[in-house]
Amino acid sequence: MREYLLTLCITAAVTYLLTGPVRKFAIVAGAMPEIRARDVHREPTPRLGGIAMFFGLCAGLLVADHLPNLNEVFEKSNEPRALLSGAALIWLIGVLDDKFEIDALIKLGGQMIAAGVMVMQGLTILWLPIPGVGNFALTQWQGTLLTVAVVVITINAVNFVDGLDGLAAGMVCIAATAFFLYAYRIWYSYGIESAAPATLFSAILIGMCVGFLPHNMHPARIFMGDSGSMLIGLVLAAGAVSVTGQVDPDAMRLFAGSEKEAVHQTVPVYIPLLLPLTIIAVPTADFVLAIVRRTWRGQSPFAADRGHLHHRLLEIGHSHSRAVLIMYFWAALIAFGTLAYSVNSASMWIVLGVVALSAIGLVLLLLPRFTPRAPRWAERFVPPRYRRRKPAAVAQEAAAAVEEPPAMAGAAAPGTGTGAAAGTRTVNGATALGARSSRLDRRKAGTSR
């Protein structure tokens, strides 16, 4: 565990220290596209954050290769080299997209090639534990196709959810933490060496996200771009492929009886066909809904829009930070709920706890639909939005709204650096949205929510 933690810390430190210089490089290179209709930030913000994350990945693998225990992963398996090869390819494609906006089909082809490179070097699904059947051995073509599908779906699920400051990095960090605990339990508790690469990949992925998040939290000073979102999606998929397709469930010997019974009992741990979906269920659900929505409208599945889950959270009245925290909550609930259920699937308390937390999450999700007002005696202890406004203040705000010229609505004073117009002329990396209480204000700011 100490070597895993050291690898995680080195990865996080390298990613954090390199993100600042990468931001300056992105500004000089002009990797700051104009504000688009679907964007929620008000100022052009540099991308290419994936450069720092990639070098953090390289640093983590390099450190792990020189540690006494983790060095065995590199000696007994070719999976770390396969991950580095696929990551380098997908990272290069992402960098080109962040700078030149390459076509979506070209990116899809690059994702498939990166997955194929990993398959050629041994990172592939060899068999599937199927409930009631046992281990089902896959042919070479079946394993290749399934591996490519898992990698492409996971990459695009993470890429689709990368729409708010800190959202993708935080959700993947939560998922990677749950995945690390899961893979480490299989490797350490049951002595299955085949789970060691997946454990290493998860530790490095946590470090990449932790190192980048301080620069990416709202208001973000830099975005990871496709170079980062596709990279962390590929690393997460590589861990899922490794532990799903190369670890024999029967080797865990958790249950006495036939192999079919063992696989049936351990299916909460593996969930082989749906493992990436359970680990990143929220971005995957967003991915599926986006595909259905765009296809229903006659659009390309890769056509960008403002119908993602995080956009809808902003639409119903959540602030930027609260929308991100709600997405964090659901990602943690699903990931750690699955992890807890895999440890003790017979415990009814786990199921009840997940149900209770889901109810709390739904209440928080719908909270903006209600505007509770605190009693007079408690107003000093609650945020201003829950206080009762005095009639005089309401009348004064209405009079100010009538007197203000329409052309000035949403505009910023010269030199303030706020507002949509000023945002296009400043390069400070801030992405504050300002007031969110009125849909009219957001439309005036150039968005379509």
Looking at (1) surrounded by 15 or more Cβ atoms within 10 Å (Cβ to Cβ); (2) modelled with pLDDT under 90, which is the only condition A137 fails? (1)
Taking only region 186-222 into account, find how many residues are within 23 Å of R81 (Cα to Cα), among the aliphatic types (A, V, I, L, M), more than 14 Å from the chain's Cα centre (by Cα) and open to solvent by less than 10 Å² (accessible area, probe 1.4 Å). 7
What number of residues in region 96-121 are open to solvent by less than 30 Å² (accessible area, probe 1.4 Å) and in contact with a helix residue (DSSP H, G or I) (Cβ under 6 Å, 6 or more places away or on another chain)? 8
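Which ranges mark the helices (runs of 4 or more DSSP H) fully within region 46-142 that have 1 or more residues being in contact with a Gly (Cβ under 8 Å, 6 or more places away or on another chain)?
Per the criteria, 50-65, 79-100, 104-120.
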Can you name the condition, by its number, that F287 falls short on among (1) at pLDDT 60 or above; (2) surrounded by fewer than 20 Cβ atoms within 10 Å (Cβ to Cβ)? (2)
Tell me yes or no: at least one residue of region 76-89 is on the phi > 0 side of the Ramachandran plot, of a type outside the set (V, I, T) and open to solvent by 40 Å² or more (accessible area, probe 1.4 Å). no
Do any residues in region 57-74 that are over 17 Å from L17 (Cβ atoms) and free of Cβ contacts under 8 Å to residues at least 60 places away in the same chain have Cβ atoms under 9 Å from those of residues that are open to solvent by less than 40 Å² (accessible area, probe 1.4 Å) and not acidic (D, E), where the two are at least six apart or on different chains, and which pairs are they? D65/N71; D65/V73; D65/F74; D65/P80; N71/A64; F74/L61; F74/A64; F74/P80
Selection over region 94-123 where residues are basic (K, R) and under 20 Å from the mean Cα position of the chain (by Cα) yields a count of 1
Of the listed residues (T147, T177, T124), the one being open to solvent by 30 Å² or more (accessible area, probe 1.4 Å), touching a residue at least 24 places away in the same chain (Cβ under 8 Å) and farther than 14 Å from D226 by Cβ is T177
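The values are calculated or read from the model by the stated rules, or taken from the named source; none is laboratory data. Predicted model, so just to flag it, every value in this text is computed and none were measured. Because the Cβ atoms are built from the backbone with ideal geometry, glycine has one as well, and the counts that use them run over all protein chains shown. What goes into the accessible areas is simple: the full protein's heavy atoms, side chains included, and nothing from ligands, DNA or RNA. Shrake-Rupley method; radii C 1.70, N 1.55, O 1.52, S 1.80 Å.
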